[in-house]
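S.K.: Have a look at the structure that comes next, please.
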Amino acid sequence: MRIAVVSPLYESVPPKLYGGTERVVSYLTEELVRQGHDVTLFASSDSQTGARLVSFSRSLRLAKNCQDPLVHHVLMLERVYQRAKDFDVIHFNIDYIHFPLFRRCHTPHLTTLHGRMDVLDYVPLYREFREEPVVSISYAQRRPMPWLSWAGTIYHGLPKDLYNFSSGPGEYLAFLGRISPEKRPDRAVRIAEEAGVKLLMAAKVDRADRGYYEDVIKPMLKSPWVEFVGEIGEGEKNEFLGKALALIFPIDWPEPFGLVMIEAMACGTPTIAWKCGSVPEIIDHEVTGFIVEGIDQAVEAVEKVSALDRRACRRVFEERFTVTRMARDYLKIYSKLMEERRPLLRAV
């Protein structure tokens, strides 16, 4: 199958440090190549892939001279459109900006939506383009717009050998991701203090969240129970997560997926997570972690988490969240879209 995969340009594929969407794009792209498909990846010039790379600017988040990231994405879309006939299917991972152009394109295509959908500004846009086939990364993500042309729900997956199993029992609580109000790192600090367990925070601070970090989180880092590690890369995650007693995932927003939960699961590390967004779909309560609804419940979970079987965490990861399963699910949708498009192409 000739497949085009279109990535955001904010991070390289895979990202050098933090980056969820581009990381998933990388895992999927390399697995499709491994399975023998002819894959073209549209991504930043500092990307590394076994696919055919059509590159543009360097990753924009770390670029010093990028003033308008939309420009680079518009140029990329023009390149994709010019080559659309070269592909059996085009898989977009860039939200909605390609919709006006590609509703006029005869090549089968789909869009994986990686972000939250409960934004009022989205409603008129998605109503206008409601025929565009889209994929959700959890059923929770769909709830604000059940009327879209959902082609399926496909959970993210990781390469089976990306992380090594760690038998534990773990030495500290781990917070991994972004310092932002919706991720609630302040809750993680409170849990560590009340449970009397060390918290290591490996997180990046985006420019938009700098004020929140300075005003709310930085003063909390003076706590003797907290150590701020900063942003870490892929190569450091295995040790960081594998040596943890538990991952703390204290979110306060409708998280569409939460890749870090399955990264921890792959290491055998359970997760203590708030009952928000996709969490009940990803975490099996009292098997791969605990789903909680408050600080007190989270502290109780810290006290019980060492009793969970870390081998069960790894087993669930291998059963539900590998990249092989993710690629298989996407290939089924690619094939279905191609079959649906063939009568239309014959009529043109």
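Read-outs: derived from the displayed coordinates by stated rules, not from any lab. Note that the structure is predicted; figures quoted are calculated from it, not measured. Please note: Cβ atoms are built from the backbone with ideal geometry, for glycine as well, and neighbour counts cover all protein chains shown.
S.K.: Find the residue count for the range 266-299, including only residues that are of a type in the set (Gly, Ala, Ser), under 16 Å from Asp252 (Cα atoms) and crowded, with 21+ Cβ neighbours inside 10 Å.
M.R.: The initial filter retains those residues of the range 266-299 that are of a type in the set (Gly, Ala, Ser), namely 266, 268, 273, 277-278, 289, 294, 298.
Filter again for under 16 Å from Asp252 (Cα atoms), leaving 273, 277-278, 294, 298.
Those left that are additionally crowded, with 21+ Cβ neighbours inside 10 Å: 273, 277-278, 298.
Residues in the range 266-299 being of a type in the set (Gly, Ala, Ser), under 16 Å from Asp252 (Cα atoms) and crowded, with 21+ Cβ neighbours inside 10 Å: 4 in total.
S.K.: Here's another thing I want to ask about it. Being touching a His at 6+ places or on another chain (Cβ under 8 Å), within 16 Å of Asp88 (Cα to Cα) and touching a residue at least 40 places away in the same chain (Cβ under 8 Å) is the filter; apply it to the range 104-129 and report the residue that is surrounded by the most Cβ atoms within 10 Å (Cβ to Cβ).
M.R.: His109
S.K.: Tell me, which residue of the range 300-325 that is aliphatic (A, V, I, L, M) and in contact with a strand residue (DSSP E or B) (Cβ under 9 Å, 6 or more places away or on another chain) is surrounded by the most Cβ atoms within 10 Å (Cβ to Cβ)? Let's see the steps before the verdict.
M.R.: Looking only at the range 300-325, we keep the residues that are aliphatic (A, V, I, L, M), and these are 301-302, 305, 307-308, 312, 316, 323.
Keeping just the survivors that are in contact with a strand residue (DSSP E or B) (Cβ under 9 Å, 6 or more places away or on another chain) gives 301-302, 305, 308, 323.
Values: Ala301: 24, Val302: 21, Val305: 26, Leu308: 21, Val323: 22.
Here the answer is Val305.
S.K.: List pairs: first residue in the range 53-75 and touching a residue at least 12 places away in the same chain (Cβ under 8 Å), second residue part of a helix (DSSP H, G or I) and buried (at least 16 other Cβ atoms within 10 Å of the Cβ) anywhere in the structure, Cβ distance under 7 angstrom, at least six positions apart or on different chains.
M.R.: Phe56/His72; Phe56/Met76; Ser57/His72; Leu60/His72
S.K.: Considering (1) over 23 Å from Gly277 (Cα atoms); (2) more than 20 Å from the chain's Cα centre (by Cα), say which one Lys160 fails and leave the rest.
M.R.: Just one mismatch for Lys160, condition (2).
S.K.: For the range 92-102, does any single residue satisfy the condition of being surrounded by fewer than 20 Cβ atoms within 10 Å (Cβ to Cβ), under 28 Å from Phe42 (Cα atoms) and in contact with a Gly (Cβ under 7 Å, 6 or more places away or on another chain)?
M.R.: yes
S.K.: Mind checking whether some residue in the range 263-272 is farther than 20 Å from Leu176 by Cα and within 24 Å of the chain's Cα centre (by Cα)? Break it down into steps so the answer makes sense when it comes.
M.R.: So in the range 263-272, the residues farther than 20 Å from Leu176 by Cα come out as none.
No, the range 263-272 contains no residue that is farther than 20 Å from Leu176 by Cα and within 24 Å of the chain's Cα centre (by Cα).
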